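In what follows, a single structure is set out as structure tokens and then discussed.
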Amino acid sequence: MRDPGWASDDSRNECVKLHLVTPRLHQRFPALAETLPHLSLSERPTPVRELDGLGVWVKEDGAFGAGGWGGNKVRKLEWLIPDAKRRGRRSILTFGGLGTNWGLATALYGREHGLATALALVDQPIDEHVEAQLARLEASGARIHRTHTKARTVALLPWLLARNARGARPPDLLPAGGSSAVGVLGYVEAALEIAAQVEDGSLPEPAHAVVAVGTGGTAAGLALGLQFAGLRTRVLGVVVNDQLRLDPPVFARLARRTARLLEGRGARLPQLRLDPDMLDLTRDQIGPGYGHRTEAATRAAELTAEDGLALDPVYTAKAMAGLLALRAQGRLGDPVLFVHTDGPR
């Protein structure tokens, strides 16, 4: 088995040696080092900079990941892959749309670390962005099942589990986006990284941190981790997915599950606010539905391109459109931090 300090970069057909890092969660809660495994998949921290044209700070998490894909999904896989292997799993079954970033990242990094990936994909509008992603998925080595709808995926689940078992071992069943209690740890860790960048002067303490919400794990992790770090930053999630229930109680439950996981593994947590008011959400940028382009998102992408930041039409362009709209309404304090989560290679 390959040394876990190595990760391949398929786009350049070479390997990059990562510096093995002690995650900030292990530093803050030393008991977790023995009970909660972590796999380094990227150099860190990801850079922060101010977009001069917009007066918005950005954390470029698209740079996270040393393999064939980057972004927020890779942060989650740093915890999910070793957790699956700890439980003796040899494959992963997970879900997404036809252009899933999550599915691609799982397939690429799972393969590098000895886990096969199967994807059950539901339909979404097909454009150039999705066609390019489908081509990457087909080249990733994942076994693809086009199940078309959420209802049909649920109905096929027993067959999918049996079809993708390895010997007597069923696949590790992961939710869309990796938004499980373990996956959320990726953005608890990222929030602690943001706090360190505030402390060292790389970034002013944000009044708000704005992020796209596709399945909820990134926003929940940020809201939880910023509390650990003692920052006053308020998380604002811009919902871009109308196929899942994504409301404040859902985020509170996910955050509580992650907090219970940490306590169960030995962390002594501070007093936390884990109620539905722990973060803010807006649903104003969904447009006709998940994966459908909107004029506001297209304009937001054009504006950030002038500052050298490329946004994707499904997630990050809609999140930036939400940020700009809320700031124009006077509903966001300064400074604002935009967490950019898309990481094509």
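The values are calculated or read from the model by the stated rules, or taken from the named source; none is laboratory data. The model shown is predicted, which means the values in this text are computed figures rather than measured ones. Cβ placement follows ideal geometry from the backbone for every residue including glycine, while neighbour counts extend to all protein chains displayed. Accessible surface areas use protein heavy atoms only, side chains included; no ligands, DNA or RNA. Shrake-Rupley method; radii C 1.70, N 1.55, O 1.52, S 1.80 Å.
Pick from 202, 40, 179 the residue whose mean-square fluctuation is largest in a GNM of the chain, springs joining Cα atoms under 10 Å.
202
Using +1 at the C-beta of Lys and Arg and -1 at the C-beta of Asp and Glu, which of 203, 54, 221 has the Cα lying farthest in the positive direction of the dipole of the chain?
221
If I model a spin label at residue 345 and residue 260 as a point 7 Å from the Cα along the Cα→Cβ vector, what separation in nanometres do I get?
Reported label-point gap for residue 345 and residue 260 is 3.7 nm.
Quick one: which residues, 5+ away or cross-chain, put their amide H under 5 Å from the amide H of residue 212? H built at 1.01 Å from N.
Here the answer is 238, since their amide H atoms fall under 5 Å of that of residue 212.
Add +1 for every Lys or Arg and -1 for every Asp or Glu among the other residues with Cβ under 11 Å from the Cβ of residue 100, and state the total. Please report the intermediate quantities before stating the final value.
On the way: positive: 73, 136; negative: none.
Local net charge: +2.
With all protein chains present and a 1.4 Å probe, how do 131, 50, 189, 138 order by accessible area, largest first? Display every interim value, and only then the final one.
Values: 131 110, 50 80, 189 5, 138 130 Å².
If we order 131, 50, 189, 138 from most to least accessible, we get 138, 131, 50, 189.
Based on the alpha carbons, how large is the Rg to Rh ratio for the chain when Rh follows Kirkwood?
Numbers: Rg = 18.8 Å, Rh = 20.1 Å.
Across the chain, the Cα-based Rg/Rh ratio is 0.94.
Can you pull the percent of the range 205-345's accessible area that's carbon plus sulfur, 1.4 Å probe, other chains left in place?
Details: 2640 of 5740 Å².
Solvent-exposed carbon and sulfur of the range 205-345 make up 46 percent of the total.
Enter the Cα centre distance for the pair the range 107-176 and the range 245-262, rounded to the nearest angstrom.
25 Å
Choose one answer from 124, 133, 243: the residue with the largest mean-square fluctuation in a GNM of the chain with alpha-carbon springs under 10 Å.
243
Between residue 207 and residue 307, how high is the FRET efficiency from 1/(1 + (r/R0)^6) when r is the Cβ-Cβ distance and R₀ = 25 Å? Nearest 0.05. Display every interim value, and only then the final one.
On the way: r = 20 Å, r/R0 = 0.81.
Efficiency at R0 = 25 Å is approximately 0.80.
With all protein chains present, how much of the accessible area of the range 27-94 (probe radius 1.4 Å) comes from carbon and sulfur, to the nearest whole percent? Numbers along the way, then the final one.
Details: 1070 of 2280 Å².
Ligands and nucleic acids excluded, carbon and sulfur give 47 percent.
With a point put 7 Å past each Cα toward its Cβ, work out how far residue 86 is from residue 272 in nm, to one decimal.
In this crude spin-label approximation the distance works out to 1.6 nm.
In whole Hz, what ³J(HN,Hα) sequence does the range 121-130 give by Karplus (6.51, -1.76, 1.60; θ = phi - 60°), x for Gly and Pro?
3J(HN,Hα) across the range 121-130, in whole Hz: 10, 9, 5, 8, x, 9, 9, 4, 4, 6.
Can you give the Rg to Rh ratio for the range 220-345, taking only C-alpha atoms and Rh from Kirkwood?
Rg divided by Rh gives 1.01.
Using just the helices of the chain, give the 222 nm mean residue ellipticity in deg cm²/dmol: DSSP H runs with n ≥ 4 each add -39,500 (n - 2.57), and the total is spread over all residues, rounded to 500. Each step should come with its number before you reach the end.
On the way: 11 runs with 131 residues, N = 345.
Rounded to the nearest 500, the figure is -12000 deg cm²/dmol.
How large, in percent, is the carbon and sulfur part of the accessible surface of the range 98-139 at a probe radius of 1.4 Å? Could the numbers behind the result be given before it?
On the way: 690 of 1330 Å².
Looking at the range 98-139 in its full context, I get 51 percent from C and S.
Compute a Gaussian network model of the chain, connecting alpha carbons closer than 10 Å, and tell me which residue from 181, 223, 33 fluctuates the most.
The residue that fluctuates most here is 33.
Once the mean 1/r over all distinct Cα pairs of the range 202-265 is inverted, what Kirkwood radius in angstroms do you read off?
12.6 Å
Tell me which residues come under 5 Å, amide H to amide H, from residue 92 once H is placed; ignore anything under 5 positions away on its chain.
116, 117, 118, 172
Please turn the phi angles of the range 202-207 into ³J(HN,Hα) values with the Karplus equation 6.51 cos²θ - 1.76 cosθ + 1.60 (θ = phi - 60°), one per residue in order, whole Hz, x for glycine and proline.
6, 8, x, 4, x, 6
For the range 96-190, what class follows from the C-alpha gyration tensor (a ≥ b ≥ c being the square roots of its eigenvalues): rounded when a/c is under 1.5, otherwise prolate if a/b is larger than b/c, else oblate? Kindly include the intermediate steps, with their values, before the conclusion.
Numbers: a/c = 1.34, a/b = 1.06, b/c = 1.26.
Rounded, because the longest to shortest axis ratio a/c is under 1.5.
Determine ³J(HN,Hα), in whole Hz, for all residues of the range 87-93 in sequence, where each value follows from phi through the Karplus function 6.51 cos²θ - 1.76 cosθ + 1.60 and θ = phi - 60°; x replaces Gly and Pro.
8, x, 7, 10, 8, 10, 10
Please calculate how many Å² of accessible area the chain carries per residue, with a 1.4 Å probe and no DNA, RNA or ligand atoms counted.
Ligands and nucleic acids excluded, the figure is 41 Å² per residue.
Using a simple spin-label model with points 7 Å from Cα along the Cα→Cβ vector, what separation in nm is obtained for residue 152 and residue 139?
2.7 nm
Using Cα pairs closer than 8 Å and at least 6 residues apart in sequence, work out the relative contact order for the range 286-340, in percent.
Result for the range 286-340 is 30 percent.
Need the list of lysines near residue 59 for cross-linking: C-alpha distance under 16 angstrom, and skip anything on the same chain fewer than eight residues off.
List returned: 73.
With an 8 Å cut-off on Cα pairs and a minimum separation of 6 or more residues, tell me the relative contact order of the range 88-148 in percent. Could the numbers behind the result be given before it?
Numbers: 98 pairs, mean separation 24.5, N = 61.
Once normalised by length, the contact order is 40 percent.
Which of the three applies to the range 14-120, rounded, prolate or oblate, going by the alpha-carbon gyration tensor with a ≥ b ≥ c and a/c under 1.5 meaning rounded?
Values: a/c = 2.00, a/b = 1.23, b/c = 1.63.
Oblate, because a/c is 1.5 or more while a/b does not exceed b/c.
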